[in-house]
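All remarks here apply to the structure that follows.
Every number here is computed from the coordinates shown, using simple stated rules; none is lab data. Because the structure is predicted, anything quoted here is derived from the model rather than measured. Cβ sites come from the backbone with ideal geometry, for glycine too, and all protein chains shown count toward neighbours.
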Amino acid sequence: MIFARLSRRAVLPALGVLLALAAPAQAHGPTPQKAEAKATIAATPDALWKIAGDFAGIGAWHPMVKAVKAKGGNVAGAERVLVLEKGEITDGLDDVDAAQRSLSWRLNTENVEALPVSFYTITLSVNDAGGGKSEVVMAGRFYRGDTSNFPPDELNDEAAVAAMTAFFEAGVNGLKTKAEGK
Amino acid sequence: MKLLAALVFSFLAALLLGCSAPATAGTLLALCQGAAEVDVIDTATGAVSMRVKVDKVPAGIAISSDGTAAYITHPDIGLLTRLDVKTWTVAGTAHIGGQPFGIVAAPDGGALYVSDWSGDRILRIDARSLAVTGTLAVGRSPAHLAIDPDGRTLYSADRESDEVSIINALDFTRTAVIPVGRAPYALDASHPELVAVADVRSGDIALITKEKNNTKRITGMKMPYGVAFVPGKGLLLATDQQAGMLDVIDIATETIIHRIRLGGSPEGVVVDAAAGRAYVAEWFANRITALNIDDFSIATRIPVCDGPRVMALVP
């Protein structure tokens, strides 16, 4: 029930944008964009993975995530609703690879007012940086909020890259703060 | 004097070779969406010999069968570019509209076929004038295309319909619609009996028999984005972007027999059977990785322009 209500609320602003444009955007465009951010963290890979590898736990370390409502545990198919400053989006967990310390998820329900992208896949990986340190990488493939050929400025490729880069940078820095206990 | 003459001769010969070498066998083109650039790779040395700027967001590339022209689609600006493969200059552009994405060239040199992603149709285009000579409705969001080596049958991966359209290229009609996995994206029809289709969202490869349009699915991938048959070996290569792998599939047993970790979001894959090499475009890492197809060891990694997604071998 919660999920039905949330998705309706998330869809309404997107519908408004669509109507305003009078040119329907598609979930997938032909031209994906990419972004990534990295940080070196003074924590062992195992300690960092314990924090970063929990799909439902992103609210504990990502400063842009105000709240999380998750269901389905930490296996492929799980879902989480992220409450961001300007609205909610829903992620679906694709893959948890504990051996590679890698977590992959996708955008299940878009909300271009909250985050100006129509679809993304994101991988978070924790690498051994040696000397008891780790490197965390957040990287994503995504599509602009309006995948037609005439997007408004706030839904074009540049807006999508800027928003995803900001999301990743805040994420890796938030993990650093959390894991280093500062 | 003799020495000087020899030197001059060598210099001229090198110049001549330098001019003609890119158009001969052993040339691979990497198309970079982010950089809006074609990188010309000499496969003998594994080095980029030329960088050619094109209009923004190039997405698809096809080479004419005589190896004289490369055709490039630009979905975001509705444009088609013809690149002269001898001079490496843009020889023509055409505003064909829509979101032109996948492209193939008919083996007889007469026509190009281009998918229009948001228009849910295929355009037939005169290869010389770049004029549109026909349109054909297909499924939703046609992505990449493939054509039979004999030029009679065209295949379209209709991504949002989860189907492959089979098109009679001679009279340009859609003759069959084959359900595959979810979000078919790329295909290879170079095999005499089979068409391979990469289903991105269901994480499998569909194999369609050309004779009866039967399908079988090979599962076990995360997000396959590229497929290429290895001629004469009974093998199929598939890139798995999400997993960062190149998968080697044994067609007879329908199993993945080898996985090579590449990283870098591998997307396009092509096979140069004569040279014994496979090439994978790593979209995130901005490099082309060359592998030996006898043991699938990595031969070399070639840094290229930003955002390589697809490649083409110049015949």
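For B:ARG217 and B:ILE257, the difference between the fully extended length at 0.36 nm per residue and the C-alpha to C-alpha distance is 12.9 nm. The dipole here belongs to the range A:2-180: it is taken about the Cα centre, uses +1 on the Cβ of Lys and Arg and -1 on the Cβ of Asp and Glu, and is about 480 debye. Between B:VAL200, B:PRO100, B:THR43, the Cα set farthest toward the positive side of the dipole of chain B (charges on each charged residue's Cβ, about the Cα centre) is that of B:THR43. Highest mean first, the peptides A:152-158, B:30-36, B:150-156 sorted by other C-beta atoms within 10 Å per residue fall in the order B:30-36, B:150-156, A:152-158. Remark on the range B:64-145: ratio of C-alpha radius of gyration to 2.2 N^0.38 Å is 1.02. Working from the pairwise distances between different alpha carbons, so that the mean of 1/r is found and then inverted, what is chain B's Kirkwood radius in Å? Its Kirkwood hydrodynamic radius stands at 19.6 Å. Distances between placed amide hydrogens fall under 5 Å for B:ASP162 paired with B:ALA183, all partners being 5 or more residues away or on another chain. In this rough spin-label picture, where each label sits 7 Å from Cα along the Cβ direction, the B:ARG174-B:SER65 distance is 2.6 nm. Distance between the C-alpha centres of the range B:50-65 and the range B:193-251: 25 Å, rounded to the whole angstrom. Per-residue mean of foreign Cβ neighbours for A:30-38 is 6 (Cβ atoms of other chains, 10 Å radius).
With the charge dipole of the range B:220-315 set up from +1 on Lys and Arg Cβ and -1 on Asp and Glu Cβ about the Cα centre, the Cα lying farthest toward the positive end among the listed residues B:SER297, B:TRP283, B:GLY220 is that of B:TRP283. When only Cα pairs below 8 angstrom with a gap of at least 6 residues are kept, the range A:2-180 shows a relative contact order of 29 percent. Here the range A:47-169 yields Rg over Rh of 0.99, to two decimals, using C-alpha coordinates and the Kirkwood radius. Distance between Cα centroids, the range B:81-133 to the range B:260-311: provide it in whole Å. The range B:81-133 and the range B:260-311 have Cα centres spaced 26 Å from each other.
With the convex hull constructed from alpha-carbon coordinates only, the protein assembly as shown shows a mean projected area of 26.9 nm² over all directions. Remark: the range B:184-190, residue by residue, has Karplus-estimated 3J(HN,Hα) of x, 10, 10, 9, 9, 10, 6 Hz, where x stands for each Gly or Pro and the curve is 6.51 cos²θ - 1.76 cosθ + 1.60 at θ = phi - 60°.
Residue ranges B:127-138, B:285-296 sort as B:285-296, B:127-138 when ordered by packing (mean number of other C-beta atoms within 10 Å per residue, highest first).
Could you work out how far the C-alpha centroid of the range A:35-64 sits from that of the range B:25-42, in angstrom? Between the Cα centre of the range A:35-64 and that of the range B:25-42, the gap is 37 Å.
Measuring nothing but how far apart in sequence close Cα pairs (under 8 Å, 6+ apart) lie, relative to its length, chain B scores a relative contact order of 12 percent.
Peptide A:140-150 has a mean of 3 when you count, residue by residue, the C-beta atoms of other protein chains within 10 Å of its C-beta.
Other protein chain C-beta atoms within 10 Å of residue C-beta, averaged over B:72-82: 2.
Using the Cβ of B:ALA299 as centre and a radius below 15 Å, the other residues enclosed give a net charge of -2, where K and R count +1 and D and E count -1. In the structure shown, the pairs A:LYS66/B:LYS53; A:LYS71/A:LYS176; B:LYS56/B:LYS210; B:LYS56/B:LYS216 are assessed against 32 Å; a Cα-Cα span above that value is assigned to A:LYS66/B:LYS53; B:LYS56/B:LYS210; B:LYS56/B:LYS216. Only helices enter this figure: runs of n ≥ 4 DSSP H residues, each worth -39500 (n - 2.57), summed and divided by the residues of chain B, yield -2000 deg cm²/dmol at 222 nm to the nearest 500.
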